[in-house]
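Each remark here refers to the structure printed beneath this line.
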Amino acid sequence: MRAIRIHEFGAPQVMRLEEIPDPKPAAGQVLVRVKAVGVNPVDTYIRSGAYAMKPALPYTPGSDAAGTIEAVGPEVTGFKVADRVYTAGTLSGAYAELALCAVSQVHRLPEKATFEQGAALGVPYATAYRALFHRGKAQPGETLLVHGASGGVGVAAVQLARAHGMIVIGTAGTERGLKLVAENGAQHVLDHHQTDYLAEAVRLAGGQGFDLILEMLANVNLGQDLGVLAKFGRVVVIGSRGKVEIDPRDTMGRDASILGMTLFNVNEPELGRIHAALIAGLENGTLRPVTGQKLPLAEAPRAHQAVMAPGSYGKIILIP
């Protein structure tokens, strides 16, 4: 099969398309014929060598994909050859024509969802779900600010929060992105390049500040986020690309909380519950993953550059 391989950590150009042997499923494993691959920022951190957990070299990157079951190993129940599935983790890497997975990493993909939509689920939608409901304790009627709402996690958060009955204000940095956020349910959208956008956001939220903020770029925004929280407000840090200086007094009078999160801390039962909710959302139309770009598998280096560029819009997908 063809797969992207990384033999050394570094810039996007370390990724090479190579021919390698097809994996074979062992007990409790399935082999997925990949139709679409989701590209996530965390893939770039791992590839660069900057991430805390580093895979053994060489390796094939990626955790999110969608396709059909090609083969099942012994002791596998619940899946059969030709079933439509999406992955939330793999054993062999997702940037490939075939992906070997533990059965717990594979989830049913409803017929009404495309493979591109399935490939957009694993990291972005599970991250948004956990940030909102497990870490942020989101409640219907609360006000939510989603910073960077036009990206994969942001779109997921807007859809999930609106379905939950929240008042959602989303930000983006381009006209195209602002339109996308509005189309996916945010009651208000704001350009985060405008100097007074946070004051306008607070006004739109009723003047009392936000109950919950989902932060995709904490090194830029966290200090300001703390100043626009309501009493007992929470900021969930989903992404950060550096250090930031904050004033702790902004948390004191509000009894505010700063909460970090990563999917790597989620146990298997919790992940199972998250994906049960996501599958239900796909089936009833609540969740509608948006594809921003589709690129051939060989253009993985270009995809890694695009996923880190400003002006995010939906999900970047690789097609094997």
Around LEU271, with a cut-off of 15 angstrom between Cβ atoms, what is the net charge of the other residues, counting Lys and Arg +1 and Asp and Glu -1?
+1
Can you list the HN-Hα couplings for the stretch 291-299, worked out from phi with the Karplus curve (6.51, -1.76, 1.60; θ = phi - 60°), rounded to whole Hz and with x for Gly and Pro?
8, x, 9, 10, 10, x, 3, 4, 9
Per the Cauchy relation, a quarter of the hull surface: what is the mean projected area of the convex hull of the alpha carbons in the stretch 1-159, in nm²?
10.7
Residue-ordered couplings for the stretch 66-79, obtained by feeding phi - 60° into the Karplus form 6.51 cos²θ - 1.76 cosθ + 1.60 and rounding to whole Hz (Gly and Pro as x), are 8, x, 10, 5, 8, 7, 10, x, x, 6, 8, 10, x, 9
Expressed in nm to one decimal, what extension gain is obtained for the pair LYS80 and ASP22 from 0.36 nm per residue of sequence separation less their Cα-Cα distance?
19.0 nm
ASP255: net charge of surrounding residues, Cβ under 15 Å, Lys/Arg +1, Asp/Glu -1, itself excluded?
+3
Compute the convex hull volume of the Cα atoms of the stretch 193-252, divide it by the residue count, and report the result per residue in Å³ as a whole number.
84
Remind me, relative contact order of the chain in percent, using alpha carbon pairs under 8 angstrom and six or more residues apart?
19
For the stretch 47-113, what number results from the quotient of the Cα radius of gyration and 2.2 N^0.38 Å?
1.22
Dimensionless Rg ratio for the chain, taking C-alpha atoms and the 2.2 N^0.38 Å reference:
1.00
At 0.36 nm per residue, minus the direct Cα-Cα distance, what do PHE232 and GLU111 gain on full extension? Give it in nm, one decimal, please.
39.4 nm
Ranked by Cβ crowding within 10 angstrom, fewest neighbours first, how are ASP191, ASP64 ordered?
ASP191, ASP64
Percent relative contact order of the stretch 125-264, based on C-alpha pairs within less than 8 angstrom and at least six residues apart?
22
By Cβ neighbour count within 10 Å, fewest first, GLU215, GLU116 rank GLU116, GLU215
What is the sum of charges around GLY311, taking Lys and Arg as +1, Asp and Glu as -1, for the other residues whose C-beta is under 13 Å from the C-beta of GLY311?
0
Using label points projected 7 Å from each Cα along Cα→Cβ, tell me how many nm separate THR262 and LEU57, to one decimal.
2.1
Report, for the chain, the % of DSSP beta bridges that are antiparallel, rounded to 5.
55
Proxy reagent accessibility, fewest Cβ within 10 Å first, across GLU70, GLU175
GLU175, GLU70
Over all Cα pairs of the stretch 125-264, how is the pair count split among 10 Å bins, expressed in % and running from 0 up to the last occupied bin?
13, 49, 35, 3
Over the alpha carbons of the stretch 254-310, what is the largest minus smallest coordinate on each principal axis, giving the biggest first in Å?
43, 34, 25
Length gained, GLU283-GLN13, 0.36 nm per residue minus C-alpha separation, equals 93.4 nm
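Quick note: the coordinates plus some simple rules give every number you see, no bench work behind them. Everything numeric in this text was worked out from a predicted model, so none of it was measured. When we count neighbours, we look across all protein chains shown, and the Cβ atoms used for this are built from the backbone with ideal geometry, even at glycine.
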